[in-house]
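Trainee: Sharing a structure here in structure tokens format.
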Amino acid sequence: MTTGTSHRMTRQREVILEEIRKMDCHPTADSIYEAVRKRLPRISMGTVYRNLDILASCGMIRKLEPDFPQMHFDCNTKEHYHVTCIKCGKIEDAPVDMLKDSVGNLESAMGKLTKYGIFGHRLEFLGICAECRAKGETLPVEDGVPDAEDLEDEKETKA
């Protein structure tokens with residue numbers, strides 16, 4: 001079996017892809033490596049990284065590049081949005097439907113406004129996940145804009 005380019009599906013690649021598909025998250029290369037090592041104990045981290053790059057270049061997984069030191073990967077290669085925790089770096093699929101007409105209209109308008117040939121876009125929502133909020137993490141306050149806790153307190157005061 002060959003992938004989208006001229007790379008054949010090696011046993012190592014197959015195991016890496018299977019392990020990513022088992023994970024209910026957007027795993028880092030380190031967490032993928034730990035899972036794969038349980039099945040292929042002699043595999044190296046470098047081999048996992050190289051195979052992740054190959055799987056991504058073939059379109060079998062997506063490489064996510066958040067503003068955190070570790071790259072994440074996604075076995076869902078369909079266009080969709082993400083939400084990223086600015087405290088711990090956790091990435092989840094955003095529960096937002098990509099309406100084709102709206103997206104097409106936005107891309108078309110952007111092309112006209114900028115004179116770029118627009119062929120796609122990326123949208124990432126940023127916030128603080130439930131686990132970090134439970135630990136007391138709060139949204140940063142910028143330019144006097146209240147964080148989420150201030151907004152919740154305000155709601156409770158009005159009720």
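The values are calculated or read from the model by the stated rules, or taken from the named source; none is laboratory data. As the structure is a computational prediction, the values presented were derived from the model and not from experiment. No Cβ is skipped: glycine too gets one built from the backbone with ideal geometry, and neighbour counts run over all protein chains shown.
Trainee: Can you name every residue in segment 41-82 that is free of Cβ contacts under 8 Å to residues at least 24 places away in the same chain and in contact with a helix residue (DSSP H, G or I) (Cβ under 7 Å, 6 or more places away or on another chain)?
Mentor: Hits for segment 41-82 are Met45, Tyr49, Arg62, Lys63.
Trainee: Being more than 24 Å from Ile20 (Cβ to Cβ) and at pLDDT 80 or above is the requirement here; does Gly111 meet it?
Mentor: Details: more than 24 Å from Ile20 (Cβ to Cβ): yes; at pLDDT 80 or above: yes.
So Gly111 fits the description; yes.
Trainee: If you go through segment 30-78 one residue at a time, how many are under 14 Å from the mean Cα position of the chain (by Cα), among the acidic types (Asp, Glu) and surrounded by 13 or more Cβ atoms within 10 Å (Cβ to Cβ)? Please lay out each step first, then the result.
Mentor: As a first pass, look at segment 30-78 and keep what is under 14 Å from the mean Cα position of the chain (by Cα): 56, 61-78.
Still in the running and among the acidic types (Asp, Glu): 65, 67, 74.
Pick out the ones that are also surrounded by 13 or more Cβ atoms within 10 Å (Cβ to Cβ) and you get 74.
The number of residues fulfilling the criteria is 1.
Trainee: Would you mind stating whether Glu131 is part of a loop (DSSP other than H, G, I, E, B) and over 15 Å from the mean Cα position of the chain (by Cα)? I'd like the intermediate steps shown before the answer.
Mentor: Working: part of a loop (DSSP other than H, G, I, E, B): no; over 15 Å from the mean Cα position of the chain (by Cα): yes.
No; evaluated as a whole, the condition is false for this residue.
Trainee: Are there any pairs with C-beta distances below 6 angstrom linking a residue in segment 98-122 that is farther than 23 Å from His82 by Cβ to a residue that is at pLDDT 80 or above and in a loop (DSSP other than H, G, I, E, B), with the two at least 6 apart or on different chains, and if so which?
Mentor: If the second residue must be at pLDDT 80 or above and in a loop (DSSP other than H, G, I, E, B), the pairs left are Gly111/Ile118.
Trainee: Also: Return yes or no: is Glu92 modelled with pLDDT under 80, under 20 Å from the mean Cα position of the chain (by Cα), surrounded by 10 or more Cβ atoms within 10 Å (Cβ to Cβ) and of a type in the set (D, E, K, R)?
Mentor: Working: modelled with pLDDT under 80: no; under 20 Å from the mean Cα position of the chain (by Cα): yes; surrounded by 10 or more Cβ atoms within 10 Å (Cβ to Cβ): yes; of a type in the set (D, E, K, R): yes.
For Glu92, the condition - modelled with pLDDT under 80, under 20 Å from the mean Cα position of the chain (by Cα), surrounded by 10 or more Cβ atoms within 10 Å (Cβ to Cβ) and of a type in the set (D, E, K, R) - is not met.
Trainee: Taking the options Met60, Met71, name whichever one is under 22 Å from Ile16 (Cα atoms) and modelled with pLDDT under 80. Steps first, please.
Mentor: Values: Met60 fails: modelled with pLDDT under 80.
Every option except Met71 fails the conditions.
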